[in-house]
Amino acid sequence: MSAGRRRMSGNHNRRQELYDRKEGLVPDTSNGSFRYLMENDGYYVDKTFVIKTLFAKGSKQVQLITRPRRFGKSLTLSMLYSFFTCVIDGKEVKGDTSLHRKLFSGLKITGDKDCCREHMGQYPVIYLIFKDIGSPDFKTAYKNLCDAIVEVAGDFSEAVDVSKLSRVHRNAFMNLQNPAYLYRPGNRNLVEQSLELLTKILNAAFG
């Protein structure tokens, strides 16, 4: 495992100097957010080369990452999201990887120029976290799930050109951003199909 590296804004050599002197250690309060950690002077154990394994010869379309609790699964997924996504703060930024380069400056993956050129900031990514959905009762858990779906769909609200969508997909996209609509028992089928629908919508919008 590679050594942790403190990430700060500004010159990379200055960041390394501060890290070597062990100045200003900031505990991880990122709640699994790679971007937050990078932008707030946190320490990060460089696992960015896992990105290359996703495109290795013989790799699967679906990959399951299994580790015990507190082994950094959420942070690693957040890192993958930050690398691949072409939608940042609700805006499409495909073609502009300035924030990506800033977040990943000095990390191992940037040494692979071909990988970065081909994949960094090139895809709409559905990033859904289930760890806060759990509840002692089904009704509350279901509501939390609906809220999570609304949040994920809402992340693309400004980036998706709805004129590219079919009428069915346009209506579905609007409904996926409407919590009151998803809460209704009669619309449970939309919740069940939400990720498949959102994938099709993004494919139609981004190609």
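Some notes on this structure:
- The condition of being in contact with a Lys or Arg (Cβ under 8 Å, 6 or more places away or on another chain) and among the charged types (D, E, K, R) holds for only one of Asp112, Asp155, Asp147, that being Asp112.
- Taking the stretch 78-166 and the helices (runs of 4 or more DSSP H) fully enclosed by it, the elements with 2 or more residues that are buried (at least 18 other Cβ atoms within 10 Å of the Cβ) and more than 17 Å from the chain's Cα centre (by Cα) are at 138-154.
- Among residues of the stretch 185-207, those that are assigned to a loop (DSSP other than H, G, I, E, B) and surrounded by 12 or more Cβ atoms within 10 Å (Cβ to Cβ), counted: 1
- Answer residue from the stretch 55-77, given it is hydrophobic (A, V, I, L, M, F, W, C) and surrounded by 15 or more Cβ atoms within 10 Å (Cβ to Cβ) and is farthest from the chain's Cα centre (by Cα) among those: Leu75
A short reminder: the numbers here are calculations on the coordinates, not readings from a lab. In this text the structure is predicted, and so the values were computed from the model without any measurement. No Cβ is skipped: glycine too gets one built from the backbone with ideal geometry, and neighbour counts run over all protein chains shown.
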